[in-house]
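Have a look at the structure below before the remarks.
The values are calculated or read from the model by the stated rules, or taken from the named source; none is laboratory data. Since the structure is predicted, the reported quantities are computational estimates derived from the model, not experimental observations. All Cβ positions, glycine included, derive from the backbone under ideal geometry; neighbour counts span all protein chains shown.
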Amino acid sequence: MSQHKHQDLFDEPACAKNRDKDDKARKKGCGGKSLTPGNAAGGCAFDGAKIVLQPITDAAHLVHGPIACEGNSWDSRHALSSGPQLYRTGFTTDIGEMDVIYGGEKRLFRAIKEIISRFSPPAVFVYQTCVTAMIGDDIEMVCKVASERFGLPVIPVNAPGFAGKKNLGTKLAGEALLKYVIGTEEPEFTTPTDINLLGEYNVSGDLWAVTPLFQRLGIRLVTSITGDARYHQVTKAHRARVNMMVCSQALINVARKMEERWGIPYFEGSFYGVEATGTSLRTIAKMLVERGAEADLIGRTEALIAEEEARVATALVPILPALKGKKVLLYTGGVKSWSMISALHYAGMIVIGSSTRKATKEDKVRAEALMGEEGETIDNLPQRDMYRKLKNREADIMLSGGRTQFVALKAVTPWLDSNQERHNAYAGYDGTITLLREIHKALTNPVFAQVCTPAPWEM
Amino acid sequence: MASVAKSSKNCTVNPLKTSQPLGGASAFMGLDGCLPMLHAAQGCTAFALVLLVRHYREAIPFQTTAMNEVTTILGGKDNLEEAILNIAKRAQPKVIGICSNGLIEARGEDIRGDLKLIRQRHPELDGIALIYAKTPDYKGGFQDGWAAAVTAMVDELVEPDFARHLHQINILAGCHLTPADLEEIRDTVEAFGLEPIILPDIAGSLDGHVADNWVQTTMGGTKLDDIRRMGCSVATLALGLQMEPAARVIETRCDVPVEVFPRLTGLLAWDNFVAALARLSGKSVPASIRRRRSQLLDAMLDGHFYFGQKKIAIAAEPDLLLGLTGFLTDMGAIIAAAVTTTDSAALPLVPSQGVRIGDLDDLEQAATDCELLICHSHGARIAERLGLPFFRAGFPLFDRLGAAHKLSIGYRGTRDLIFEIGNLFIAADSHHHSAKGGKDAPVASH
């Protein structure tokens, strides 16, 4: 089927992790080992594609498949919008047995028509799924015909779940943006300080913790790809001066191809922690000046960083004593495996372990260097071992995603959500203050002592 | 009473329904030492898992055969075999509950045949039950999957036996019942000196207890040996119409008589259940239960002012829909809009003019002049848009605590429902009054 195309995607010359591999390993694709039946976790390619594209808030997102794909997953991520809410409406063809037998293309076409006539979106994204892929529904053709008939972009996203993991889906979504969206419209004007953020989805408002900093520096965000984005902004992303890839290699194919096609340089950075935020702002300023922005941007950026760092330090004075020396188990992965460490070290906390799943070799080296003797990098920690570690009180708190939340709670250990289901923004300077305050709140909550107290008749 | 209509749209807008495999796997969560698994691509499990974790706020054991494009072409048997062997080695389950999905069923795979072959080749699996439920996600919904899984459990495990244990009764529990509901049922049945075998018993596994160790399967739930001896019971009580097919399997095999209870919410509905227990046990109704009945009578009298002629819009799976709408009309309310997920024998019994098999968009369109909206958590935004009071019921409930402990059956559950929903009406009425009379208007008192 689409294996050939997928292999091309994984042969990503710009990806450090890919460069480290030998030919055979590279052929296998990225995202770690292939899936083991009976011992696999994590989302599918469709999930990954939806994560990347759904934050385009004014578009309609239509899932062509049986009810499981959309019915079990819709409106479940906290990617926020400052305006349109259409992206949160769950659209699916919800195919039935007859569609499986006779094909679902007609139903798909009529569904697109119903959406356009009732909701008038600027564009419709159509997601392929396993069953409709297997029965041979040609969504590319249906989207093409619908585009012509209705006179607006109807974009096929061909990332059915069985094609691979989430990681592949994010790349396929990036390809859909490159093929059908980015560069299809020209902006009315540009400025020398135009930038895009790639791979920032405004989870819990992360983006909004950073945009005020850009505003103060006179940096114009053309679009985030795709946090709080509007369709007609993403189309114009190709005229930005600099791309920043936020916390992830997932959209590296988009970054590299935008550089090839439109000469936009990119870098990978993070807004987690005081140090990383400063580094990212400095890099943006430097790259913009290299591309023609006023040279004083660099000095103004330094001044802003100094001011913000002083503000963070003052805000944290009351809680730092309670955080100092506390041990953290960090189970996130990717860039967060090290960027979170520096945020925690800032408060004098000790990181006893950091998961380097989905991280590059460089990420791993940085994590190791930061933790030193105090901690170790962990690739994959089975839940049973995680439970034992926490039960033995090797850590005072765990930071992880929702899936492992209850491992910590059942071991009666404070826990904080560091992934996409969380309710607070942790990015930028304000985000760092929020993160450390949340950790403080978790560590000092009195329930843990009570829950650990045996019942009087068991003493 | 109700006429049943199906939505004619090609595009489902804001789905009400969740999938059959998710319902099937949820039923398997109610078996002890079980590892439920979807024979599907890994994403199917991941989405379903997230929903279950958010609803129950528990670690949920749940696996996948991780089908991919190539294995879809070649057939899923190798993945099924590898998954079972991996799970057996790693998690030491007593039972693996296997639910198929659309990908597998559209290919027409012979899973029963595959399992037979796998068993022959691996005698080390002899101590582990392998139960397969056929649950394509292009048909039906959560409730159908749950029912299919329970039917598969009894079909696979119940042993043909005609001996009778005079105190033992079977309780087949539909997916509309929460762990708290099952606790109430168990307590009531035991109060008559009867020994219930509840299947599936999610009150044992998903009631949110803190255990002393970590296992990779369900902890608590119906024991396999108890299912095997269900043929020795004096009766099978099917709770929800969805449970009737499973009950009939036991009846056919072991001659255990079936009694179906379409609903357990509401005075007369629970009276029937209590009367059946009195009859089966030969005992009179205990004083504590009579006392609770009396409390409910009082709550009905206190509460009816607020329910009378209230127009209600509700979306729920068929058996839950029947239970709640029955209760609401018992209290004098009117079901102005009823939307459900899938066809069922329960639908014609719903006390409203019509029931639509549809989505939350259908609910939103029909609910505009209603005074209360009832739905799972995805209905919250609709209630907000329409400015209606909102009562959460069904699966998933991810935006509130305590989904497992919501009690809405029996005398106590019905009493508390009257208070909870009645208070929503009171709050809306007083808001309405103060909006009309200016900010200092007195709150109406009755």
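Before moving on, here are some points about what is shown:
- Taken together, the residues in the stretch B:193-224 that are among the charged types (D, E, K, R) and at the interface with chain A (Cβ under 10 Å from one of its Cβ atoms) amount to 1.
- Against the list (1) under 19 Å from A:Pro265 (Cβ atoms); (2) free of Cβ contacts under 8 Å to residues at least 40 places away in the same chain; (3) hydrophobic (A, V, I, L, M, F, W, C), the condition A:Leu217 fails is (2).
- Residue count, the stretch B:190-235 (criterion: under 19 Å from B:Ile96 (Cα atoms), among the hydrophobic types (A, V, I, L, M, F, W, C), more than 20 Å from the chain's Cα centre (by Cα) and modelled with pLDDT of 95 or more): 1
- Within the stretch B:275-321, if we keep just the residues that are within 19 Å of B:Tyr411 (Cβ to Cβ) and acidic (Asp, Glu), the residue that is surrounded by the fewest Cβ atoms within 10 Å (Cβ to Cβ) turns out to be B:Asp298.
- Restricting B:Leu125, B:Leu103, B:Leu130 to residues that are modelled with pLDDT under 95 and among the hydrophobic types (A, V, I, L, M, F, W, C) narrows the list to B:Leu103.
- Long-range neighbours under 9 Å by Cβ, at least six apart or interchain, first residue in the same structural domain as B:Asp359 (by TED's automatic domain parsing) and under 13 Å from B:Pro348 (Cα atoms) within the stretch B:309-326, second outside any loop (DSSP other than H, G, I, E, B) and polar (S, T, N, Q): B:Pro318/B:Gln143; B:Pro318/B:Gln242; B:Pro318/B:Thr340; B:Asp319/B:Gln143; B:Asp319/B:Gln242; B:Leu321/B:Thr340; B:Thr325/B:Ser352
- Residues considered: A:Lys113, A:Lys50. Of these, the only one that is within 22 Å of A:Val181 (Cβ to Cβ), of a type in the set (Lys, Arg), assigned by TED's automatic domain parsing to the domain that holds A:Gly164 and crowded, with 24+ Cβ neighbours inside 10 Å is A:Lys50.
- Within the stretch A:31-77, being touching a Phe, Trp or Tyr at 6+ places or on another chain (Cβ under 6 Å), of a type in the set (Gly, Ala, Ser) and at the interface with chain B (Cβ under 8 Å from one of its Cβ atoms) holds for one residue alone: A:Ser73.
- Among all residues of the stretch A:158-167, there is at least one that is in contact with a helix residue (DSSP H, G or I) (Cβ under 9 Å, 6 or more places away or on another chain), surrounded by fewer than 24 Cβ atoms within 10 Å (Cβ to Cβ) and part of a helix (DSSP H, G or I).
- Elements of type strands (runs of 3 or more DSSP E) in the stretch B:1-100, at least 3 residues being modelled with pLDDT of 95 or more and more than 8 Å from chain A (Cβ to nearest Cβ): B:34-39, B:95-100
- Counting residues in the stretch A:96-107 that are hydrophobic (A, V, I, L, M, F, W, C) and in contact with a strand residue (DSSP E or B) (Cβ under 8 Å, 6 or more places away or on another chain) gives zero.
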